[in-house]
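The values are calculated or read from the model by the stated rules, or taken from the named source; none is laboratory data. Values in this document were obtained by computation on a predicted structure and should not be read as measured data. Positions of Cβ are generated from backbone atoms using ideal geometry, with glycine treated the same way; all protein chains shown enter the neighbour counts. Note: accessible area is taken over every heavy atom of the protein model, side chains too, but ligands, DNA and RNA are not part of it. Shrake-Rupley method; radii C 1.70, N 1.55, O 1.52, S 1.80 Å.
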Amino acid sequence: MAGLAAGLAVGALVLDSQRPGRFRKRGWLEVAPEDDDRLVMADDLIKRGRLKNMTRAAVQKLLGAATPTDRFPGALAYRLGLERSYMPVDFEWLVIQFDGGDRVTQYWIATD
């Protein structure tokens, strides 16, 4: 019985470490831009301050190509999925703003 409990605990740890809530570069790049997994990964990026002071090139290496849009001039924008609401009609975006030296100055989640 103890062996079964230990096996279940190890299995739970493996599954927990693969949850989409934690940002993983490979997971980010593998999911479609409209996949809701990107929403929670973007929340994690923001919560942990991972993008702070990164260069534009480093952001693009980490997150891949930005989603083509003219909604956020001068910024990189990544479509994350439908907005989190009762009846979603818009998309949420990870928006990343840069200074003149191409360093991240701000980043946030916006809804279009």
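So the values come out like this:
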| read-out | value |
| --- | --- |
| Output for the range 95-108, where each listed residue is open to solvent by less than 60 Å² (accessible area, probe 1.4 Å), under 15 Å from the mean Cα position of the chain (by Cα) and under 14 Å from Gly49 (Cβ atoms) | Ile96, Tyr107 |
| Residue in the range 1-16 that is open to solvent by 60 Å² or more (accessible area, probe 1.4 Å) and either modelled with pLDDT of 85 or more or closer than 30 Å to Gly101 by Cβ (or both) present | no |
| Some residue of the range 23-39 being modelled with pLDDT of 85 or more, open to solvent by 80 Å² or more (accessible area, probe 1.4 Å), more than 14 Å from the chain's Cα centre (by Cα) and not charged (D, E, K, R) | no |
| Criterion (out of contact with any strand residue (DSSP E or B) (no Cβ under 8 Å at 6 or more places or on another chain) and at pLDDT 95 or above) met by exactly one of Leu76, Leu62, Leu51 | Leu62 |
| Per-region count, the range 45-100, residues in a loop (DSSP other than H, G, I, E, B) and among the hydrophobic types (A, V, I, L, M, F, W, C) | 8 |
